[in-house]
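Beneath this line is the structure, given in structure tokens, with notes to follow.
Only the coordinates and a few stated rules stand behind these numbers; no lab work does. The structure presented is a predicted model; accordingly, all values stated were derived computationally and were not measured. Backbone-built Cβ (ideal geometry, glycine too); neighbour counts: all protein chains shown.
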Amino acid sequence: MIGYIGRKTLSLIQNIFDLFIFGCKIISGFLDSSKDGKALVHQIAIEQIYFTAVQALYIIITIALIVGSLVIWQFEKIAGQYDAGRAVIILVIKELGPIITAIIIILRSATAVTVEISYMNILNEIDAIEMLGIDPIRVICIPRFIGITSAVVCLIIVFDIAAILGGYFIVWIMGYIQASDFLWQIVKAITVKDIVSVVVKGVCFGIIITLISMFHGLKSKRQITDIPIKTSKASIDCFFACIIINLVVSVVFYV
């Protein structure tokens, strides 16, 4: 048992170290001012933003409207004791919005990226790119790094706005609180710190989701049957990483 725990611990430490080195390589390539291949990188990044953000808008907006409506509806009975606007800020904008958006991105885009890169690795497409003298990090990883990270930040903002609109709709329908009072409560409750924390969470979520999904894709062995295993592991690792980041950012900003 002690040996098993030790091996698992050493394997976890090694994976974290490898992921850190992989992230440093991507950030170094991202900061590279070389003009070689920039047009291709921009094109792939835009395609990734379209797939991750634009095509997921209807999912994000629908879920946000439902979540915002349910939160206000549940607070109807205790509206006299608590500030409904503050409840929206605390529960939806600061906590539920970022984490639900991250889960949707993990289920929809992170898994797709892991499968895509795994197939490229197993079918020797990455080796072929290297043989052509092209850096795979630059043409494969950096565009997805830019696209997914940008998409996560934008989708979190869209989610929060749609959730507020969903809450406003419930307030307007129920009529137990003036709609104008509800919006004024939100305006009074939200602070610059809240906005900064949401943006920081979005950036961190986007970075870690991209790194983990690509890292597991590149680690796929030379077997097709290894792809589902790597995809499942990438999804779980992304989810736990986002939960930890969400906790850490909340503690840093509000404790």
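Mind pulling up the Rg/Rh value for the chain? Radius of gyration and Kirkwood radius, both on Cα.
On the way: Rg = 21.0 Å, Rh = 19.9 Å.
Dividing the radius of gyration by the Kirkwood radius yields 1.05.
Considering Cα pairs under 8 angstrom that are at least six residues apart, work out the relative contact order of the chain and quote it in whole percent. Intermediate results must be reported in sequence, preceding the final value.
Numbers: 283 pairs, mean separation 81.2, N = 255.
Relative contact order here is 32 percent.
Can you tell me which of Tyr168, Tyr58, Tyr50 moves the most in a GNM of the chain? Springs connect C-alpha atoms under 10 Å apart.
Most flexible of the set in this elastic network: Tyr58.
Can you give me the angle between helix 111-122 and the longest principal axis of the chain, using Cα atoms only, in degrees from 0 to 90, rounded to the nearest 10?
0
Cα-based count: Lys pairs in the stretch 38-254 below 24 Å, eight or more positions apart or different chains?
Lysine pairs satisfying the spacing and distance rule in the stretch 38-254 number 12.
By how many degrees, 0 to 90 and rounded to 10, does the Cα axis of helix 2-31 deviate from the longest principal axis of the chain?
For 2-31 against the chain, the angle is about 90 degrees.
Between the helical axis of 192-218 and the dominant principal axis of the chain, each derived from Cα atoms, what acute angle in degrees is found, rounded to the nearest 10?
30
Evaluate E = 1/(1 + (r/R0)^6) for Glu95 and Ile13, where r is the Cβ-Cβ distance and R0 equals 30 Å; express this FRET efficiency to the nearest 0.05.
Using R0 = 30 Å, I get an efficiency of 0.50.
Can you sort Phe22, Phe145, Phe205 so the residue with the fewest Cβ neighbours within 10 Å comes first? Intermediate results must be reported in sequence, preceding the final value.
On the way: Phe22 18, Phe145 23, Phe205 29.
If I rank by nearby Cβ atoms, fewest first, I get Phe22, Phe145, Phe205.
Rank Phe215, Phe20, Phe169 by mean-square fluctuation in a GNM of the chain with C-alpha springs under 10 angstrom and give only the top-ranked residue.
Answer for the Gaussian network model of the chain: Phe20.
GNM on the chain, C-alpha springs below 10 Å: top fluctuator among Lys201, Lys94, Lys221?
Most flexible of the set in this elastic network: Lys221.
Among Cys204, Cys154, Cys24, Cys238, rank each residue by its count of other Cβ atoms within 10 Å, from fewest to most, as a rough exposure measure.
On the way: Cys204 22, Cys154 19, Cys24 10, Cys238 26.
Sorted ascending by nearby Cβ count, the order is Cys24, Cys154, Cys204, Cys238.
Using the alpha carbons of the stretch 154-255, what is the convex hull volume per residue in cubic angstrom, as a whole number? Show your work: numbers first, answer last.
Numbers: hull volume 13.2 nm³, N = 102.
Taking the convex hull of the Cα positions in the stretch 154-255, it is 130 Å³ per residue.
Per residue of the chain, what 222 nm ellipticity follows from adding -39500 (n - 2.57) for every DSSP H run with n ≥ 4, rounded to the nearest 500?
Numbers: 11 runs with 195 residues, N = 255.
Counting only the DSSP helices, I get -26000 deg cm²/dmol.
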